[in-house]
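Structure record follows, encoded as structure tokens.
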Amino acid sequence: MNILIKSATIIDSKSEFHNTTQDILVENGVITQIANSIKNPKNYQEISFDNLHISQGWFDSSVCFGEPGFEERDTIINGLKTAAASGFTTVAMNAHTNPVIDSNSDVTFVNSKAANHAVTLLPIGALTASSKGEDLAELYDMNTAGAVAFYDYKKPITNPNLMKIALQYASNFGGLVCSFPQENKIAGNGVVNEHIISTRLGLKGIPALAEEMQVVRDLFLLEYTGGKLHIPTISSAKSVELIRDAKKKKLDVTCSVAIHNLYFTDSVLTDFNTHFKVLPPLRTQTDADALIDGVKDGTIDMVTSDHNPIDIEHKKIEFDYAAYGTIGLESAFGALQTLFTTKKTIDILTKGKSRFGITPTPINVGNILNISLFNPDTKYTFTTKDIISKSKNAIFEHEALKGKVYGIISNHKVSLNS
């Protein structure tokens, strides 16, 4: 891959060219020159866009693509296409499949489907066999096949002894254990946040206590066992406080939050739109504010789109019976840009790679090129025409967002939006 990128503003705090506008020469996939102006005597492909900005490639720690088993929702190939068009060079894919990804051969299958693509797919294996929460899955075998973490997607481990054993066992090979923060006996049959809105709408609520009890339990277990714990998609102010305190104790814990839990509150539920039915549920403005503060001060390590395509048959039904989940890759950049500065947005989108085993590649001479290309200033309203996913369950539909993605350059491949 030989290209010349013209007049790109570099947003990369690890680069010596941070906050400057430069030409970038890339030969055989490696950056060979960065300067104010570079000529093109070898007639390489030139890449130039209006108000072009670039950064290290973006990472999403929690996506679902359906395949295998739910191809009517989306496929791995189309999911990777969606990720590329949305500016992501690396995504970690959950075992939200049928059958569940819980063996060496399952991980190998996913890797083979995603091979030779501009986007790097990192498989997350199930923590328990078939994600049933009864017996540990083949963690070490999946690790040797390339699984970067272990997680029963949106399913809490109800047995504390099983979680203890998982942390102890995975620590033998540096495995990352993920635990969904919900105590089901407290959550019950709730479908939205337990608060004034749930009472007004007559919907059963999931109290924040259900999340916080599980967070406390898992942090106690981590303190006892050691190991590496990741708590995905927290949603309450108290959870932020608990994890902040755990980090002060030097526990090896990270956490993430879904973009929609930063952006929306349960006040949007008034018309029973099932696009807003997500897990954990949208909570109060107090929670959203605390989550944003947690992102700003580093307590929350990653922000994820929590991209989860759901077919229309499981979404366009009564709220109580609709499936949880929203797509979010396509709207991630634009939504974050409405909440944070561009520099903070890029910091958010490029964090978390090392936790999942990926070495960051700053935009410096001698490094392999792995970048996202974008215009941070474009304003638009997100509509179905912006959706690339097969499923259209977009929580950000009709929202005013900011920022246009031009594409990515990664894995020696150029993938640009038309």
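What the table shows:
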| item | result |
| --- | --- |
| Restricting the range 346-390 to residues that are among the β-branched types (Val, Ile, Thr) and out of contact with any strand residue (DSSP E or B) (no Cβ under 8 Å at 6 or more places or on another chain), the residue that is surrounded by the fewest Cβ atoms within 10 Å (Cβ to Cβ) | 359 |
| Count of residues meeting criterion [assigned to a helix (DSSP H, G or I) and over 24 Å from residue 63 (Cα atoms)] in the range 217-236 | 8 |
| Count of residues meeting criterion [open to solvent by less than 30 Å² (accessible area, probe 1.4 Å) and either more than 21 Å from the chain's Cα centre (by Cα) or farther than 23 Å from residue 282 by Cβ (or both)] in the range 202-211 | 6 |
| Residue list for the range 370-410, filter: farther than 16 Å from residue 305 by Cβ and in contact with a His (Cβ under 8 Å, 6 or more places away or on another chain) | 373, 375, 376, 381, 383 |
| Members of the range 265-286 found to be in contact with a His (Cβ under 7 Å, 6 or more places away or on another chain) and among the charged types (D, E, K, R), listed by number | 266 |
| All positions within the range 117-149 that are in contact (Cβ under 8 Å) with a residue 40 or more places away in the chain and either more than 19 Å from residue 359 (Cα to Cα) or under 20 Å from the mean Cα position of the chain (by Cα) (or both) | 117, 118, 119, 120, 121, 122, 124, 127, 142, 147, 148, 149 |
| Enumeration of residues in the range 168-194 that are touching a Lys or Arg at 6+ places or on another chain (Cβ under 8 Å) and part of a helix (DSSP H, G or I) | 170 |
| Entirely in the range 1-60, the strands (runs of 3 or more DSSP E) that have 1 or more residues that are open to solvent by 40 Å² or more (accessible area, probe 1.4 Å) and either basic (Lys, Arg) or out of contact with any Pro (no Cβ under 9 Å at 6 or more places or on another chain) (or both) | 3-10, 21-27, 30-35, 45-47 |
| Residue selected from the range 331-345 under the condition over 15 Å from the mean Cα position of the chain (by Cα) and surrounded by 17 or more Cβ atoms within 10 Å (Cβ to Cβ), by the criterion farthest from residue 57 (Cα to Cα) | 339 |
| Close pairs from the range 258-275: first free of Cβ contacts under 8 Å to residues at least 24 places away in the same chain, partner aromatic (Phe, Trp, Tyr), Cβ under 6 Å, at least 6 apart | 268/276 |
| Extreme residue, most open to solvent (accessible area, probe 1.4 Å), among residues of the range 114-154 that are assigned to a helix (DSSP H, G or I) and touching a Leu at 6+ places or on another chain (Cβ under 8 Å) | 129 |
| Only listed residue being over 30 Å from residue 267 (Cα atoms) and small (Gly, Ala, Ser), chosen from 188, 174, 205 | 174 |
| Filter pass, residue 320 being open to solvent by 10 Å² or more (accessible area, probe 1.4 Å), out of contact with any Cys (no Cβ under 7 Å at 6 or more places or on another chain) and within 30 Å of residue 354 (Cα to Cα) | no |
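Yes/no per residue for (1) surrounded by fewer than 24 Cβ atoms within 10 Å (Cβ to Cβ); (2) more than 26 Å from residue 349 (Cα to Cα); (3) out of contact with any Ser or Thr (no Cβ under 7 Å at 6 or more places or on another chain):
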position: 224; (1), (2), (3): yes, yes, yes
position: 237; (1), (2), (3): yes, no, no
position: 246; (1), (2), (3): yes, no, yes
position: 313; (1), (2), (3): yes, yes, yes
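The values are calculated or read from the model by the stated rules, or taken from the named source; none is laboratory data. Everything numeric in this text was worked out from a predicted model, so none of it was measured. Please note: Cβ atoms are built from the backbone with ideal geometry, for glycine as well, and neighbour counts cover all protein chains shown. These area figures cover heavy atoms from the full protein model, side chains too; ligands, DNA and RNA do not enter into them. Shrake-Rupley method; radii C 1.70, N 1.55, O 1.52, S 1.80 Å.
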